[in-house]
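Beneath this line is the structure, given in structure tokens, with notes to follow.
The values are calculated or read from the model by the stated rules, or taken from the named source; none is laboratory data. The structure displayed is predicted, hence computed values, not measured ones. Don't worry about glycine lacking a Cβ; one is built from the backbone with ideal geometry, like all the others, and counts go over all protein chains shown. Just the protein is used for accessible areas: all its heavy atoms, side chains included, with ligands, DNA and RNA removed. Shrake-Rupley method; radii C 1.70, N 1.55, O 1.52, S 1.80 Å.
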Amino acid sequence: MRLEELQDYEFVTIQCHDNPDADTLASGFAMYRYFQDMGRQVRLIYCGRNKIQKPNLLMMVDHLEIPVTYIGDVPAFLAQEPEGRLRGLLITVDGQYGAGNVTKLPAEEVAVIDHHQVEMTPPVKNEINPHLGSCSTLVWQLLDNAGYQIKDLHLGTALYYGLFTDTNQFAEIFNPLDMDMREAVPCDKTLITLFRNSNLSLQEMEVAGVAMIRYIYNDDYNYAIIKSKPCDPNILGLISDFLIQVAEVYCCVVYNETGDGYKFSVRSCVKEVQANELASFLAEGVGSGGGHREKAGGFISMQLYEEAYPTLHSEAFFSERLNDYFDHCQVIFCKRV
Ligand SMILES: [Mn+2]
């Protein structure tokens with residue numbers, strides 16, 4: 001798809017995925033600027049249950065002046081539109097229209113720009129490239145193909161940071177196009193350093209610190225479990241990233257209670273336990289879990305949990321599930337042929 005194919009509409013809405021990350025914000029920002037420069041009436045939005053609260057993202061929006069608006073009340077938002085659907089073109093960035101992490105908004109015409117595997121039947125107008133490290137790279141390529149040069153330092157810095165965060169600080173950058181983008185855009189490295197070092201608030205540091213005082217450790221299977229006070233899922237990830245670095249801990253689960261269930265984060269540093277498999281095992285029948293080999297996470301629904309385990313407290317649940325996992329999983333080592 002070429003951006004020139006998206007020129008037919010006077011009104012353009014760019015939608016980031018719910019619980020936005022730096023990549024979707026940067027991609028949306030770039031599309032916003034493009035359509036603004038084309039003289040369109042454009043707006044940049046995101047929906048979902050939560051407003052952005054991660055410090056690095058708040059700083060990104062603030063310092064780079066990203067004009068993004070949170071739509072907390074979708075029915076009210078749609079009620080302002082003619083016929084209860086968005087006027088003109090809706091573009092989802094870094095997420096696919098109708099996918100689980102993109103609140104579905106009815107619109108006159110829809111386009112998708114994304115770098116994940118195809119999840120839904122995409123609309124006719126789409127650019128989906130799962131081989132790229134970030135959607136920021138994809139947007140940069142589309143802009144480049146349209147002859148749109150990125151000279152603005154704020155926009156360049158946003159795209160650079162989008163790629164930086166989506167590729168584990170460039171450690172997982174494989175596609176030459178990602179490297180090209182990294183070299184090509186103007187970037188304020190001072191701001192990147194600032195964002196990179198703004199992962200949690202003082203209050204969250206305290207939550208993490210308190211959580212780490214109490215743990216369950218199983219020395220037969222070398223796993224650890226920590227229950228944290230309510231906090232952002234990202235903080236669960238930070239605590240488990242820390243916990244997995246303990247020499248005696250081969251895999252770990254860090255969780256907390258949210259209003260309607262348990263959110264958990266899983267880490268593993270041994271090949272016998274894949275974090276994504278363990279996450280899906282833990283949530284089996286009561287929620288869902290998944291992710292990558294070393295890092296994963298999931299959610300357990302309180303309603304399903306209480307139906308299945310009416311008297312079991314959560315620490316016991318996680319310990320028992322982990323013991324089950326180790327007792328019943330057979331590890332088969334195969335010789336390479
Ligand atoms: Mn992304």
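Structure above, values below:
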| read-out | value |
| --- | --- |
| Restricting the stretch 105-115 to residues that are more than 15 Å from the ligand (Cβ to nearest atom) and in a strand (DSSP E or B), the residue that is least open to solvent (accessible area, probe 1.4 Å) | A111 |
| Residue pairs meeting the criteria (Cβ under 7 Å; at least 6 apart or on separate chains; first of a type in the set (A, V, I, L, M), in the stretch 263-276; second open to solvent by 40 Å² or more (accessible area, probe 1.4 Å) and at pLDDT below 95) | A275/G291; A275/H292; A275/R293; A275/E294; A275/K295 |
| Answer from V286, V266, V270, V253 - the residue that is among the β-branched types (V, I, T) and more than 16 Å from R321 (Cα to Cα) | V270 |
| Residue within the stretch 267-274 that is open to solvent by less than 20 Å² (accessible area, probe 1.4 Å) and farther than 23 Å from N168 by Cβ present | no |
| Subset of the stretch 162-176 (residues that are surrounded by 12 or more Cβ atoms within 10 Å (Cβ to Cβ) and part of a helix (DSSP H, G or I)) | G162, L163, F164, T165, D166 |
| Residue count, the stretch 180-202 (criterion: without any contact (Cβ under 8 Å) to a residue 60 or more places away in the chain, among the hydrophobic types (A, V, I, L, M, F, W, C) and assigned to a loop (DSSP other than H, G, I, E, B)) | 2 |
| G291, sole failed condition from (1) within 19 Å of N222 (Cα to Cα); (2) under 27 Å from the mean Cα position of the chain (by Cα); (3) not polar (S, T, N, Q) | (1) |
| Of all residues making up the stretch 275-286, the number that are open to solvent by 30 Å² or more (accessible area, probe 1.4 Å) and either within 19 Å of N234 (Cβ to Cβ) or outside the structural domain of I239 (by TED's automatic domain parsing) (or both) | 1 |
| Residue satisfying all of: in the stretch 116-136; away from the ligand (no atom under 16 Å from the Cβ) and among the aliphatic types (A, V, I, L, M); nearest to G291 (Cα to Cα) among these | M120 |
| Pick from the stretch 7-18, criterion crowded, with 20+ Cβ neighbours inside 10 Å and under 11 Å from C47 (Cα atoms), ranking: nearest to the ligand (Cβ to nearest atom) | H17 |
| Restricting the stretch 290-337 to residues that are within 24 Å of G100 (Cβ to Cβ) and either assigned to a loop (DSSP other than H, G, I, E, B) or of a type in the set (V, I, T) (or both), the residue that is modelled with the lowest pLDDT | H292 |
| The stretch 87-99, subset open to solvent by less than 10 Å² (accessible area, probe 1.4 Å) and within 16 Å of the ligand (Cβ to nearest atom), residue nearest to F29 (Cα to Cα) | V93 |
| Matching residues, the stretch 100-119, being within 19 Å of M31 (Cα to Cα), within 16 Å of the chain's Cα centre (by Cα) and charged (D, E, K, R) | D114 |
| Residues satisfying the stated conditions in the stretch 145-179, i.e. without any contact (Cβ under 8 Å) to a residue 12 or more places away in the chain and more than 16 Å from the ligand (Cβ to nearest atom) | G147, Q149, P176, M179 |
| Hits in the stretch 197-234 (condition: charged (D, E, K, R) and either at pLDDT 95 or above or farther than 30 Å from S136 by Cβ (or both)) | E206, R214, D219, D220, K227, K229 |
| Selected residue [in contact with a Leu (Cβ under 9 Å, 6 or more places away or on another chain) and within 15 Å of the ligand (Cβ to nearest atom)] from V139, V102 | V139 |
| Residue satisfying all of: in the stretch 188-230; over 23 Å from the mean Cα position of the chain (by Cα) and of a type in the set (A, V, I, L, M, F, W, C); nearest to S268 (Cα to Cα) among these | A224 |
| Residue among I45, I71 that alone is under 25 Å from L200 (Cα atoms), open to solvent by less than 10 Å² (accessible area, probe 1.4 Å) and more than 16 Å from the ligand (Cβ to nearest atom) | I45 |
| Within the stretch 1-95, helices (runs of 4 or more DSSP H) holding 3 or more residues that are under 25 Å from the mean Cα position of the chain (by Cα) and closer than 17 Å to S134 by Cα | 22-37 |
| Filter result for D144 (open to solvent by 50 Å² or more (accessible area, probe 1.4 Å) and not in a loop (DSSP other than H, G, I, E, B)) | yes |
